[in-house]
Structure formats: C-alpha cells, structure tokens
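All remarks here apply to the structure that follows.
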Amino acid sequence: MRPKVFIANPVPQAVEHYIAEHCEYRKWDSEEPIPRDLLLHELANACGLLIAGGRIDRELLGHAPKLKVVSNMSVGYNNFDLEAMKSAGIMGTNTPSVLDDTVADLVFGLILTAARRITELDRYVKEGRWQSGSDKHRFGVDVHHATLGIIGMGRIGEAVAVRARNGFHMNVLYCNRTRKLETERRLGVQYCTKRELLQRADFVVLMVPLTPETNRFFSRDDLAQMKRSAFLINASRGQIVDEEDLIEALATGGIRGAGLDVFGTEPVHPANPLLKLPNVITLPHIGSATERTRADMAMLAARNLVTAVLGEMPPDLVAELRQSGMRGGTERETE
Ligand code: DGY
C-alpha cells in the first residue's frame, strides 16, 4: 500500500503529480490557512505532512500516530517544536538553498527603497505633488560604496554580500556565531563584533534564524549602538527584533529608517505603529515569493516528503533532528 500524506498548502500541479506518483494524498487547496481542527483530523492516518509554516507541537503530534515526517515549505523552521518532534521520533525538513538569491534580491530592494525613498516618492509623483524640478527635501542617501553590516552569515547572508560587493562596491562587515575565513577570502568581507558592526554600518541587515536564543536578540542596546544615519533591514523573522524598541528608535531619530519584510505578528495588525512611520518600508513577508522560487520550494518540500515516507533519509532533514529523527521515523508504521 502506498504511504498516505497530507498537503496542507496549495502546491503547483507538477508537484502534486510528483507526490501522486509515490503516495496517496489528501490536500487543503485554499490560500487561507487550514483550520487547526481540520488539520488534526487529517493527520489521523497520514505518515507525511507537507506544510508552509503551521505550528508543529505536542498537541499536533498527539493527533498523528502514524506521522513520520513534517516537510516544511520554507527555509525557516521556527514553527517546529524540536523537542516534541525529537521525543516523538518525527523527522522535520526545510527548503534551504533554492531561495537564497531571491531573498537576497529582496533585501537589496529594501535597502534601495529605504535609502532612496522610492515608495514615498512614488506616492509623491502619483499624488500630483511634483511641482518643481528637484529639491533637497527629496534627497536620499547613497547605497554604493557605503558600509553594509550583515548579522548572520549563512547562505542568504552570503548572497547579500555578493550583491553588495560586486554590484554596489560596498564595504561589507559581518558577524556570525562562527567566523568564516573561506567566505572572507572569497567575498572580501570583514569579520567583526556585533558592537563594531553596529557602530560602523550604514545599513544593518539581520539574517539570523529565529531560535529561542535569537528571540528579541536585537533590542534597545543594539539600536543605540547604530549610527543615527543608519537603516535596519529585516527579512528573516520579526521576532528577532524587539518591535517596541525599534518603533521608539525610528520615531525619535535613533536610527534613520528601516526596511521590514517581517513582523512580530503576521499578518501585521493595522494598528501597529510601524505602519504609520514614514521612514519605514513595510512588506508582507515576500522574501522568497517569486513564482519560480516558490515552485522550486514546493518541489523540494515534496522530494523531502516522498523520500522520508519511502523510508530513506530526506536530503534536508534539519540539523537538530539528525540524530534522533530518522531512527524514530523509520520505526513508525508506513501505511
Ligand atoms: C522562509 O522560507 O523561511 C521564508 O521566510 C519564506 O518567505
């Protein structure tokens, strides 16, 4: 009998066909998130779940006696309760690599939009307020040859650094849990402490994964270290930043502006003060959202799902589950 899986987010047809070649499947086909009780109900018989970011916790695992793998259709997997998955012997996978360039492009979009005031001046023209040729109230700041500080030099951080170095001739500083000498040589970037980076950078890019250690790890003290002329760019996870501290820094001139693709709560609440600040660019978490990249992520997630339910090691098993996940997973019944 072929393994039963549940697809909790819409995927392209080619991806569905690929899953159908190997598995029996049921799916949720709406862009709205699947109601939790329906998801729990669907998991009664499934040995694999493909999902884009829903909460995977003890309660859910308790409703999924046959589950072997959760295949996340995103690179971030802060939605996984890793301890719960470890003790239940459930594998968890993500979709690294295929989105690096796409997210790095968006980071540069945020940098350019914030520095050159693109959205603000777009509104200015469309509202018919462009009366004179040019005036200094519309000036922005240069990106080229400025100093970029990247906090978190993983694959996406590197893709941002490549663009900064090769396209914009920027001076690139980075800090990371571990120093990366090969990256320094290859890309011409400079390792420094977080404090030094904050004091020197014109643009600070946050590119760290959300974990219990990085939750609100960027707060008042860090913002106070930044230059008043600097911008903060966040396209990783909103919870990494203390949003109240950020609002205060932006509202009081502590920093010049911010480009945000992510928020502490998503979708962001319309009353969030960040939406009222003219020096903040806000996007609805679209870092990886291009047609091609989302299709690639869906196919990668499907391959991880199918590989795991067929009893093989999925290529993108997340690091924290590499020890225990597979053993427990393969012991579970495949139906
Ligand atoms: C991811 O894959 O984690 C991204 O945030 C999705 O845009």
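None of the figures in this text is laboratory data; all of them are computed from the coordinates on show. Note that the structure is a prediction, hence the values are computed from the model and not measured. A quick note on method: Cβ atoms are made from the backbone with ideal geometry, for glycine too, and the neighbour counts reach across all protein chains shown.
Here are a few things to note about the model shown:
- Within the range 287-311, if we keep just the residues that are under 19 Å from residue 93 (Cα atoms) and of a type in the set (D, E, K, R), the residue that is nearest to the ligand (Cβ to nearest atom) turns out to be 294.
- Within the range 62-83, no residue that is over 20 Å from residue 300 (Cβ atoms) sits with its Cβ atom under 8 Å from a residue that is of a type outside the set (Asp, Glu) and near the ligand (Cβ under 8 Å from one of its atoms) at 6+ positions apart or across chains.
- 2 or more residues more than 16 Å from the ligand (Cβ to nearest atom): qualifying strands (runs of 3 or more DSSP E) within the range 44-103: 48-51
- Residue match in the range 68-76 (condition: within 30 Å of residue 140 (Cα to Cα) and touching a helix residue (DSSP H, G or I) at 6+ places or on another chain (Cβ under 9 Å)): no
- All positions within the range 276-298 that are within 18 Å of residue 50 (Cβ to Cβ) and surrounded by 17 or more Cβ atoms within 10 Å (Cβ to Cβ): 288, 293, 294, 296, 297, 298
- Selection within the range 231-286 - within 15 Å of the ligand (Cβ to nearest atom), assigned to a helix (DSSP H, G or I) and aliphatic (A, V, I, L, M): 240
- Sole residue being among the hydroxyl-bearing types (Ser, Thr, Tyr), at negative phi, within 16 Å of the ligand (Cβ to nearest atom) and surrounded by fewer than 17 Cβ atoms within 10 Å (Cβ to Cβ), chosen from 193, 211: 211
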